[in-house]
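Quick note: the coordinates plus some simple rules give every number you see, no bench work behind them. The shown structure was predicted, so the numbers you read here are calculated from the model rather than taken from an experiment. All Cβ positions, glycine included, derive from the backbone under ideal geometry; neighbour counts span all protein chains shown.
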Amino acid sequence: MGSLTRAQEVAVDDGYSSDAVLYVNGVRRVIPDGLAHLTLIQYLRDIGLTGTKLGCGEGGCGACTVMVSFYNQHLKKTTHCAINACLAPVYSVEGMHVITVEGIGNRQLGLHPVQETLAQAHGSQCGFCTPGFIMSMYALLRSSKTPPTEEQIEEYLSGNLCRCTGYRPIIDAFRVFAKTEDSLYTSSSFTKDLADKFVCPSSGKPCSCRATSVNGCESPVVSTTHGRQQKLISFSDVDGSSYIEKELIFPPELLLRNPMPLHLYGFGGLHWYRPLRLEHVLDLKHRYPEAKLLVGNTEVGIEMKFKNAPYQVLISVTHVPELNKLSVTENGLEIGASIRLTELQNFLKKVIGERATHETSSCKAILEQLRWFAGKQIKNAASVGGNICTASPISDLNPLWMAAGASFKIIDFKGNQRTTLAKDFFLAYRKVDLTQNEILLSVFLPWTRPFEFVKEFKQAHRREDDIALVNAGMRVFLKQEGVNWTVADISIVYGGVAPVSFIALKTERSLIGKNWDKHTLEDALLLLKDDIPLTEDAPGGMVEFRKSLTLSFFFKFFLCVSHQMNEKVQFTEGLHVNHQSAVMPYSKPSFNGTQCYEMTKEGTAVGLPMIHLSSKLQVTGEAEYTDDTPIPPNTLYAALVLSKKAHARILSIDDSLAKTSPGFAGLFLSKDVPGSNKIGAVIHDEEVFASEFVTCVGQVIGIVVADTHENAKLASRKVLIEYEERLPVLSIKDAVSCGSFHPNTERCLVSGDVEWCFQSGACDKIIEGEVHVGGQEHFYLEPHASLIWTVDGGNEVHMISSTQSPQKHQDCVAHVLGLPMSKVVCKTKRIGGGFGGKETRSAIIASAACVPAYLLKRPVKITLDRDVDMMITGQRHSFLGKYKVGFTNEGKVLALDLELYNNAGNSLDLSLSVLERAIFHSENAYDIPHIRFRGQVCYTNFPSNTAFRGFGGPQGMLIAENWIQRIAMELQRSPEDIREINFQSEGSVSCEFSKARDAVDHFNINNRWRKRGIAMIPTKFGISFTTKAMNQAGALVQVYVDGTVLVTHGGVEMGQGLHTKVAQIAASSFNIPLNSVFISETSTDKVPNASPTAASASSDMYGAAVLDACEQIKARMNPIATKLGHCSFTELARACYFERIDLSAHGFYIIPDIGFNFRDGKGTPFSYYTYGAAFAEVEIDTLTGDFQTRTADIVMDLGHSLNPAIDIGQIEGAFIQGLGWIALEELKWGDSNHKWIRPGNLYTCGPGTYKIPSANDIPTNFKVSLLKGAPNPKAIHSSKAVGEPPFFLAASVFFAIKDAIIAARAEENLSEWFPLDNPATPERIRMACVDDFTRPFASPDFRPNLSV
C-alpha cells in the first residue's frame, strides 16, 4: 500500500459526502452540514426531545443515555447499545437509529414495561436521572438474546448515577426482567394466543427479532415485606395490553444503505471526516498531522469541552475494516485499534471458553480489569486504540498490555508497518511512540505459557466506574529447577505512580533467576520501596497510600501465583489458610432489599403507599425541568465570568476580545446593576458581581449573554481580568489561627457546670481530642438553571427557576432590579434534586441573569455546566470539633466541653444557622448533665458553603459518636455499651447484636487480610426551622365544578414526594380519589412569602396548610351536602357553584410553641424529634482499603406514615447519600494540604474526580423498617418528618469500618485509639490498617490530608 498521488488525493476528497442521515425514534432525519461541533444530546434537545438529560457533560452520570442501533458489517447483524449522548458527536451516529426515552413509550400510547415497572416500584424520585436508567435497561433487553441475569442488569446500570433513591427500588424494579417465563410479560388473555410466538424480552410483545421462543421454568420474583404481609411483584400484575404492540424496528433503509465516507464542517472551521478505507485515514493523517482520530470521543470530547483543546480536524475511524478486526492466531490475539471495549470483553469471554486454561491468563486479567474500567455506556463507545494512545498515566489497560508482552502494530501514511512492544510505546506524559504521520493499527496479545501467570490490580475511590488511584499489571513465568521453581521472566508495571505507566525495572532484574519463595518476596518488597518514583509533591497527592499500594499489589500477586501453583503442582510455598483472604476475588452476593411497615389509612389516600404523582411523566421523559422549558423567541443564553483567584483586587477588566466573539450580545458588570449589587441569605454580604475585590475562585465578576450557550461560554472565556493577589485563608485552622471569623457568629449553649464537674473529682477519666469532619457536594443531577424574561416592557419580571425557594428568588431579583416584589414572579414546577443546595445559592445565579434580561428586555436562560456548578455553589460545611469529655469508669458521661468551627466560605449565607443546629445535635441521643458547647463561623476564601441535608446536625452527631467511640476504647468496652449507658431515656441494644459480634470475631480470627466490623448508631433529629419566623406555611385550594381539585402551596417538589403527600391529604379530606387532586407548580403569585422547602418540615407545614384550606371549603359545602343527602363530590361541587358558594380557600399554618434564644439559652428549638437507629456490617480489604457494606438494618420512628413507600424511599436515599459522605465523597481544594492544586481551586469538580455512591455501593442486605404503633401528636395525621433524619444513620457504616480497622490493627498489637476522619476512603482505611507495607512510608498514627 503506497501513498496516494495528488490526483488520487483530490479524488479521495471529492468522494466524501456531506449527506448525513439518521433515524430518531423511527423518524428519518437529515443532519445538515455545519454541526460537527454538536454532541448528540445538543441535537436531540434542539429538536425537542428533552427527555434525554444533561447531567454532567462528561459521561459520568448516565442521565444522557440513549440507545443506538446499527448494522454491524463484521457480525452481519443489528447491534443495540447504550451510549452517552453528551459525548457522542452528532455525526458519529450517522446511519444509525437513535432511540430516546420518548421513543419507547408515553402516557398517551402506553408505557413500555421498563417504564411501567420503574414507576410502580417507586424507582423515580426527582426523576432527572430516570430516563437514563430506563434507556440503559432498555438497551440491555434489546441486545439480549435471552433474558438477562441480575448480574448483567447491575452491570448495565453501572454507568448511571442516582442521588435520590439509594438505588434499591431501581434494582428491584428491573429484576422482573431477569425472567425465565415469557408469560409474565403478557396478560392472561394474550398468553393463550401467543403460545407459539416469540415474546420480545424488551417489550413483552410478539416480534420477529428471534425465530424461536424462550422456554423456561419459574420466574424469579421480587419480594417486598409490608408489615407481616409479603407482596409478590411480577409482570402478570400489569395489563400487558396497554403497551405498544411492537418495538421500533431497525429502519430498512439503513439496512440497505451503503455507508458513505463523510466530510462535514462545524463551528470555527472544524472538519469532521469519516473515511471508510485505511488508506484514506492515512492520507488524512498525512494532510492533517494534528488531526485527532476518534471512535467514541470519550477522551477527545472531554479535552475539547473542559480543557478547550483547539482541535480543528477530527477523523472518525469507526467504519474502517482494517481497524475493526478481531482474530485468533496460533500465537495469540490480534485486536484492531478501533475495537470497542465491549466488543473486546465479549471476544475475550469467547476465547477464554474455547482455549486451554494456561493460554488465557492475560485474557482473564484484561477481562477482569475491563469489568471495573468504566460504565457500560463508555465501554460501548470507547476503543482499545483510543485508550492506548491517550497514554493516560492511570490507564487501567496499558500496564496489562505492557506486562503481558503485548506488541503494537503501527502504520504510516506510505503503508509502511512496524511493530513495537507495549513496554516501549509510552515515552512521556501523554506522549507515545507515534510520529504525526503514523497511527496505531492493532494490538497483538500473545498466549501465556504453562506456569505463566498474569494478574491485574486496581484501587479507586469507588469500585465501579471510577478512574484508578493506582493500578498494576504483573506477569511471572516460572520454571522448575530441581525441587524449586525459579523466576524465568517477570514484568511489574504500575499505573498512577509516574507520568507514564511505570516498569519496576530494578525489581524485575533482581528477581530473574530467584526461587519463587518468601525470601524473594521480601527482597522484592525492599526493592519496590525504592523503585517507585513518587515524590512528596506528586500530582494527585496520597503519596504514602499510593506507595503502600505498590507493595500490597505485589504481595497479593505473590500469594495469588503461589495459590495457583499449589493447585497445579506440589508447591512448597503453599498458601496458609489465613492468607487466602488476600487473594479472594471480589464477589458481591445477590442484593436483597426488605421493607417493613404497617399502613394506617386515613380517608381515601393518607397512609397508602401511592406512587409519586409525577412518576409516569418522569419515566417517559415527559416531565419538564427548568432547562426543558420551551424558550420564548429572541432568547439569549448566559455564561458567568468567574474569578480565577482566591483573594485579589480587580485591577482591570478587558472585554474587547469578547465583543468580537460570535453571537455576543453583551457583558454586564457591577456598574450595570439597576438596583442593589448586594444580596445575601440572611444579611446582605455578597455582591452579585464583584466590584473591587474577589474573595474566592469562582466568584461572579460579570455575565455574558450571546445567541447560544456555547457562544456565551466562548465569549466569557475571552474576558480578560488583571488581578493584584492577596493572601487567602484556605482552611478552618488558618481561620482560627488568624482570627478570621464572620462577625457576630459566636454561639454558646450551657447546661450544668462543666468546669466544676471536671475539677470535682466526679470524673474518673478526662480525655481531649479533635475531630475533622469533611464536607460534601450536593451533586443533584439537575444543575442550577433559570429562565428570566420581562413582561409589559420591563414593568414586570417573570422567571422559571430550579430552586427550593422561589420566594428567595423573587426577593433577590426584586432587590437587584430595584422593583417591588409584587412585580416579580418566580415559578418552579419541579427540580431535579436539591438537598439544600438550591435553597439560597440558586438565587445568586438568578440575580446575575436578571440584569441582562431586564436591561435588554430579552429572555435570558442560564444553565450551569456541572464543573461550574460544583465550583461556585457551595457544599456541606466542613467542621473542626475540639472536645474535652469527662466520664466514669462505668462509661457514664458527666461533662462535655466542645468547641465547634465550621467553614462558611466567603459569605455568611446560612452558616450561622448550620452552626446552631450542629450545637443542638452535639449530644445526639445522650444524656450529659454538664455541657458547654461553643461555636464560631470561620471566614475563608472559598465559595460560600450552604445548606445540605441535615444542616449541621450530622456534623455535630458525628463528632459526638467519635468521642463515644474513644471512651469505649479507653475503657476497653463496646461502643454500644457506652451508648446504652448514656441514652437520654430507656434504650437497649438488639439481642441479635451479640450474635453478629461473635460471627464477625470468628471471621476476623480466620482471615488475616480481610476484616469485618459492625456498629449500631442512634439518631435524634429536631424538626422545624431554628429561625422562628420560617415555621409558617400557606396554601391555596380550589375545587372545580367537575369535582377535581387544584392545590397550590409554597413547597417545592424535588423528588421527596411532597406534592404526592399533600395531594393525599387533600384527597382524604374531601374523601375523593387521589387522581382527582392536581398540583401544578409552586408560584410566588399564588402563595406569597413561602419559606424554603427545607428542614424536613414541608410535609408537616404545607400538609397542615392544605388541610386548613380544605376544611374551610368543606365547612362551606356542608349545608349544601346536608340538603342533597348522599351524592358524589362532583354533584356536590356543582350544586355549591349554583348556590354561589366560594370553592376556593387560602390555608395557613404555623408550628406552635417554638423558638429559642441563644442569648439566654432558653426556649424550644424544635417541635419534636424524629428518632432512628441503624446496624451495619462491613468487610474491608486491609491491603488496599477497599470495603463493601454487607448489611444495613435501619429502624425509623415516623409516627403514622403519610405514605410509607415514599418515606422508605427517603430513608434509603438519605442513608446512601450519607454513606457517600462518610466513606466515598472527598472534596479536594487547593490548600496547604493539597499543594498540587492551585490555591482556592476545587479539584473534585465533576463525576470523574468526585465519586458519589453507585448501585454497586449499596448494602448487600438492605432492610428498612418503620416503627409500629408510635403516633406523633404534634404533626398532621400523627406523622413525622423524614427527609433529613435518616442521613446520619450511615455513620453506622463509618464506625463499622473503624471496628474492622481495629481488628486489623490488633494483628499488629496496636490497641490504642486512633483518629479516622470522614470520608473513610480507601486511603484512610488502608493507612489505618498498619502493617509491613505501610510502615516504610508512614507511622501508625498517620493522618491523611483532608480539606477542612
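Evaluated at q = 0.14, 0.15 Å⁻¹, a Debye calculation over the C-alpha positions of the range 1274-1348 (equal weights, vacuum) places log10 I(q)/I(0) at -0.53, -0.58. Available extension along the chain between T146 and R1140 is 351.5 nm, counting 0.36 nm per residue and deducting the alpha carbon span. If R0 equals 35 Å, the separation of the Cβ atoms of D707 and V27 corresponds to a calculated FRET efficiency of about 0.80.
The Rg/Rh ratio of the range 1019-1079, with Rg taken over Cα atoms and Rh as the Kirkwood radius over Cα pairs, comes to 1.07. Fully extending the segment from K307 to V791, taken as 0.36 nm per residue of separation minus the present Cα-Cα distance, adds 170.3 nm.
Only Lys, Arg, Asp and Glu carry charge here, each on its Cβ (+1 for the first two, -1 for the last two); on that basis the chain has a dipole of about 1420 debye about its Cα centre. I'd like to know which of L264, V313, Y901 lies farthest towards the positive end of the charge dipole of the chain, counting +1 on Cβ of Lys and Arg and -1 on Cβ of Asp and Glu. It is L264. When the C-alpha to C-alpha distance is required to be over 30 Å, the pairs from K1028/K1251; K292/K379; K645/K713 that qualify are K1028/K1251.
Each Lys and Arg contributes +1 and each Asp and Glu -1, all at the Cβ; summed about the Cα centre of the range 772-828, the dipole is approximately 100 debye. Averaging over all projection directions, the Cα-based convex hull of the range 313-356 occupies 3.7 nm² in the image plane. Working from the Cα coordinates of the chain, the gyration tensor eigenvalues give, after taking √(5λ), semi-axes of 47, 40, 33 Å in decreasing order.
The largest-to-smallest principal axis extents of the Cα set in the range 593-662 are 66, 38, 26 Å. For the range 654-802, the Cα gyration tensor yields ellipsoid semi-axes of 47, 20, 17 Å (square root of five times each eigenvalue, largest first, whole Å). Along the Cα→Cβ direction, 7 angstrom out, place labels at F741 and I683. What is the inter-label distance in nm? Once both label points are built, they end up 1.3 nm from each other. Can you work out the FRET efficiency for the pair R355 and Q570, with r the C-beta to C-beta distance and R0 = 41 Å, to the nearest 0.05? So the FRET efficiency works out to roughly 0.95.
If R0 equals 51 Å, the separation of the Cβ atoms of D753 and D523 corresponds to a calculated FRET efficiency of about 0.20. When the Cα positions of F779, G296, L1074 are compared along the charge dipole of the chain, G296 comes out farthest toward the positive end, with charges on each C-beta of Lys, Arg, Asp and Glu. Taking every Cα-Cα distance in the range 909-967 and sorting them into 5 Å bins starting at zero, the pair-distance distribution P(r) comes out as 4, 18, 26, 23, 15, 9, 4, 1 percent.
Inverting the pair-averaged 1/r between distinct Cα atoms of the range 391-439 gives 11.4 Å as its Kirkwood hydrodynamic radius.
Annotation note: GluC sites (Glu not before Pro) in the range 697-802 located in DSSP loop regions with a Cβ neighbour count of at most 15 within 10 Å are E746.
A straight line joining the Cα centroids of the range 498-527 and the range 1194-1262 runs 39 Å.
The GluC sites (Glu not before Pro) of the range 926-989 that meet both conditions, a loop assignment by DSSP and at most 12 other Cβ atoms within 10 Å of the site Cβ, are E986.
What Kirkwood hydrodynamic radius, in Å, does the range 484-595 give when the mean of 1/r is taken over all pairs of distinct Cα atoms and then inverted? Its Kirkwood hydrodynamic radius stands at 15.9 Å. Extension gain for L727 to S676 (0.36 nm times residue separation, less C-alpha to C-alpha distance): 15.5 nm.
When the GluC sites (Glu not before Pro) in the range 1293-1348 are filtered for DSSP coil states and for at most 13 other beta-carbon atoms within 10 Å of their beta-carbon, the remaining sites are E1312.
Summarising the amide proton neighbourhood of K514: residues at separation of 5 or more, or on other chains, whose placed amide H is nearer than 5 Å comprise V487.
Can you work out ³J(HN,Hα) from phi for every residue in the range 494-507, in order, using Karplus 6.51 cos²θ - 1.76 cosθ + 1.60 and θ = phi - 60°, giving whole Hz and x for Gly and Pro? Karplus values, whole Hz, x for Gly and Pro: 10, x, x, 10, 7, x, 10, 4, 9, 8, 7, 4, 4, 5.
For a modelled paramagnetic label at A999, 7 Å from Cα along Cα-to-Cβ, the residues of the range 1240-1260 in reach, with backbone nitrogen under 19 Å, are 1258-1260.
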